[in-house]
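A short worksheet on the structure shown next.
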4 protein chains.
Amino acid sequence: MSYAGQMLGAIPGGIKVDANVDVLAEVIDALGDCAQACAADTDADLSEQNLAEMVPCIRLCEDCADVCAATARVLSRPARWDARFMMLLLEACVAVCRSCGDECERHAPMHGHCRVCAAACFRCEQTCRGLLDVMT
Amino acid sequence: MSYAGQMLGAIPGGIKVDANVDVLAEVIDALGDCAQACAADTDADLSEQNLAEMVPCIRLCEDCADVCAATARVLSRPARWDARFMMLLLEACVAVCRSCGDECERHAPMHGHCRVCAAACFRCEQTCRGLLDVMT
Amino acid sequence: MSYAGQMLGAIPGGIKVDANVDVLAEVIDALGDCAQACAADTDADLSEQNLAEMVPCIRLCEDCADVCAATARVLSRPARWDARFMMLLLEACVAVCRSCGDECERHAPMHGHCRVCAAACFRCEQTCRGLLDVMT
Amino acid sequence: MSYAGQMLGAIPGGIKVDANVDVLAEVIDALGDCAQACAADTDADLSEQNLAEMVPCIRLCEDCADVCAATARVLSRPARWDARFMMLLLEACVAVCRSCGDECERHAPMHGHCRVCAAACFRCEQTCRGLLDVMT
């Protein structure tokens, strides 16, 4: 089990949120993985021959990394659970992961790192959508 | 002029967003100030005698610091400007700054650091609302 | 394999650093896990009955989360590899992970979340030390 | 006075660190400004015609932004003050601000945003050195 799952399982009194521990842990892990992949993808993009074509990908990865990292931290502290605030953040993650995943996928045939990053973005988008679904 | 204003003024081709440089620079500065004040306020809260009463304030400050810091970074890179994504993030900032400012204000009569932090939160809320107004 | 390992394996031209892909991926994963566990532990600590005793643990977790998250990002972009800068950062991680792990371990008999967090901190300390060893 | 200065001045019992409030506030402000300028500079660099030449500048700005932002947060919570840990972090900031400032300065004659960013990096380097001097 990931550290996120173990930490959530050990919260005094259990989590009082609109989701169970497994769903929440999966979202936190997917956000952290996506933030890491996006940070790594900016750096790999900057080493590519077709640099000018990679600029939109670099910019999307930078935004995606920042917003997913911040959302992972907020979700890691579930004792305060403001549903409206969480939904805005999760919808922002869904939007940027979708855009970033689509852009990375365009480069996936040429660049293996963009293929991996697209997978991380789409998995993150799906888990955030899943959490939004159980919240509404 | 702040570094944010100077940097925005030096962007090649100018910014292509739904706001002018001064408005955008003011929002970036207010988000950075709010993130800093909230990080500092958690630490000051943890030194107070009435620690148990400060717990909601600490939690709000942690969330507010993370989301405002991430939004400041995204806004500092305005070449990619996805209006829907930006509005979700700005609305998340408005929500958490409002909640955090209200909670800090409750403690303001006793704790000077909460008074300063409330001012930073409310200023940030106002500037984010201002940017949302010119975007819609 | 983690996304970090997959991303590093797909870097154009391979990584040109003082470590192999497996070692570097393990450090990035351990830093990300430690940052997540520490963010979660601050929140769990704030829910405990013996709140006043948890204050040093909360403060260490906050510092540890911030420095490990930043170092994970820097290591995720290995194309620029300034050995002296990396060693300073890794030594800062070793120092804060050690202090944070020791403090969390003190509370481990009472609080399961501190036991999990201590494990994440010590694993992170060990992997950072391992990378420092191959760098010097 | 900046929010950092106001917050430090309102800490219960005063700060117990190896520096006075003014010095510490100046460092926190310089770190926050440098992190902002570096985030903005990556984006402006990506819009330049001579993109391939800007790659080292983009990479340095990304590292500099992450480490300065994390250090600003740690310094904003001065109640825990581990001198050795703080010195490692400050030395990491000095190293990356120096490298980033030097690289930005090379592009300053052509790009106004690099001129502004170089100034933010050098000011940050100087304030971090100043704090290191009073700590040793």
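The values are calculated or read from the model by the stated rules, or taken from the named source; none is laboratory data. Being a predicted model, the structure only gives us computed values, none of them experimental. Ideal geometry is used to build each Cβ from the backbone, glycine not excepted, and the neighbour counts take in all protein chains shown. These accessible areas exclude ligands, DNA and RNA; they are computed on the full protein's heavy atoms, side chains included. Shrake-Rupley method; radii C 1.70, N 1.55, O 1.52, S 1.80 Å.
Data table
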quantity	calculated
Acute angle (nearest 10 degrees) that the helix A:83-107 long axis makes with the longest principal axis of chain A, alpha-carbon atoms	20 degrees
1.4 Å probe, heavy atoms, protein only - residues of segment B:77-94 losing at least 40 Å² accessible area vs chain alone	B:Arg77, B:Ala79, B:Arg80, B:Phe85, B:Leu88, B:Ala92
Nearest-to-axis residue of chain A, judged by beta-carbon position, where the axis maps A onto B, in Å	A:Ala70, 2
Accessible area buried at the C-A interface, both sides summed, 1.4 Å probe (Å², nearest 100)	2700 Å²
Among B:Ala83, B:Ala65, B:Ala92: highest mean-square fluctuation, GNM of chain B, C-alpha pairs under 10 Å	B:Ala83
Using alpha-carbon coordinates, inclination of helix A:21-45 to the longest axis of chain A, degrees	20 degrees
Residue among D:Met110, D:Met86, D:Met54 with the largest mean-square fluctuation in a Gaussian network model of chain D, springs linking Cα atoms under 10 Å	D:Met110
Whole-angstrom gap from segment B:109-136 to segment C:110-124, using each part's C-alpha centre	36 Å
Assigned charges on the beta-carbon of Lys, Arg, Asp, Glu; chain B dipole about Cα centre (debye)	520 debye
Cα centroid separation, segment D:1-63 to segment C:53-100 (Å)	18 Å
Carbon and sulfur %, accessible surface of the protein assembly as shown computed with the full protein complex present, 1.4 Å	50 percent
Peptide D:50-62 - average C-beta neighbours from other chains (10 Å radius)	4
Among D:Asp82, D:Asp66, D:Asp43, residue whose mean-square fluctuation peaks in a GNM of chain D (springs only between Cα atoms under 10 Å)	D:Asp82
FRET efficiency, A:Arg106 to D:Trp81 (Cβ-Cβ, R0 51 Å, nearest 0.05)	0.55
Accessible area (Å², per residue) of chain A, counting only protein heavy atoms and a probe of 1.4 Å	34 Å²
Principal-axis tilt of helix B:112-135 within chain B, Cα atoms, nearest 10 degrees	30 degrees
Environment charge of A:Ser47, counting only residues whose C-beta is closer than 14 Å and scoring Lys/Arg +1, Asp/Glu -1	-2
Computed [θ] at 222 nm, deg cm²/dmol, the protein assembly as shown (DSSP H ≥ 4; -39,500 (n - 2.57); rounded to nearest 500)	-27000 deg cm²/dmol
Copies compared at C:Met135 - label distances in nm, ascending, label defined 7 Å from Cα in the Cβ direction	1.7, 3.7, 3.8
Copies compared at A:Asp82 - label distances in nm, ascending, label defined 7 Å from Cα in the Cβ direction	2.3, 3.1, 3.7
Exam field: C:Gly13 pseudo-label spacings to other copies (7 Å along Cα-Cβ), nanometres	2.7, 5.3, 5.5
